[in-house]
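Taking it in order: structure first as C-alpha cells, then the write-up.
The values are calculated or read from the model by the stated rules, or taken from the named source; none is laboratory data. Bear in mind the structure is a predicted one, so any value in this text is a computation, not a measurement. For neighbour counting, all protein chains shown are included, and Cβ atoms are generated from backbone atoms with ideal geometry for every residue, glycine included.
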Amino acid sequence: MTSNMSQRYIHYFGRESSRSILKAKGVIKENEDLAQNILKPRQCPNCYESNKQDSKVCVKCKMILSYDLYSDVRNEDKQKMDRLENDMKSLKEGMNHLFILIQQNPLLAHIKPDVLSSRQPST
C-alpha cells in the first residue's frame, strides 16, 4: 500500500471529528471545552448560587448574570415600559372622554358606573 490517504483521516476518531466540525462551523472556539461549558453551572457573583447555564438571572437573588444578558433584560424592560405608557395614554384619553360627557350632561356625575353600564344598549 503506497497511498498516504489514510494518514489524512486517521486523527478523526472518537469525538474529535465532532469537535472539529463544531469548530469549523463556529459553534465552539478553539480553546473552548464543550463538555465543561455545557455541564458547568453558572455561578451568581452576588450570592454564589448555582444556576443553569442558560439562565438570565439568578434563581435566588434575581441578579443578572452577565453584561450581554443585562442588555437583553434592559431591552425587555424598555418594551414593557413602552407598552405601559401606551396603556396609560389610552386610559387618559378614555378618562378625558368621560369628563367631556359629564360636562355636557351634569346628571351623569351622580349616576353610579354600574347603572350606566346597565342602561347602555347592547350592540
Which pairs have Cβ atoms under 6 Å, sit 6 or more apart or on different chains, and link a residue in segment 54-68 that is basic (Lys, Arg) to one that is part of a loop (DSSP other than H, G, I, E, B)?
-> 60/47; 60/49
Only one residue in 114, 82, 33 is surrounded by 10 or more Cβ atoms within 10 Å (Cβ to Cβ), at pLDDT below 75 and of a type in the set (Asp, Glu), so which one is that?
-> 33
Could you list all residues from segment 44-63 that are out of contact with any Leu (no Cβ under 7 Å at 6 or more places or on another chain) and modelled with pLDDT of 85 or more?
-> 45, 46, 47, 48, 49, 50, 52, 59, 60, 61, 62, 63
Go over the candidates 82, 72, 77 one by one and state the one that is under 25 Å from residue 41 (Cα atoms) and either among the aliphatic types (A, V, I, L, M) or outside any loop (DSSP other than H, G, I, E, B) (or both).
-> 72
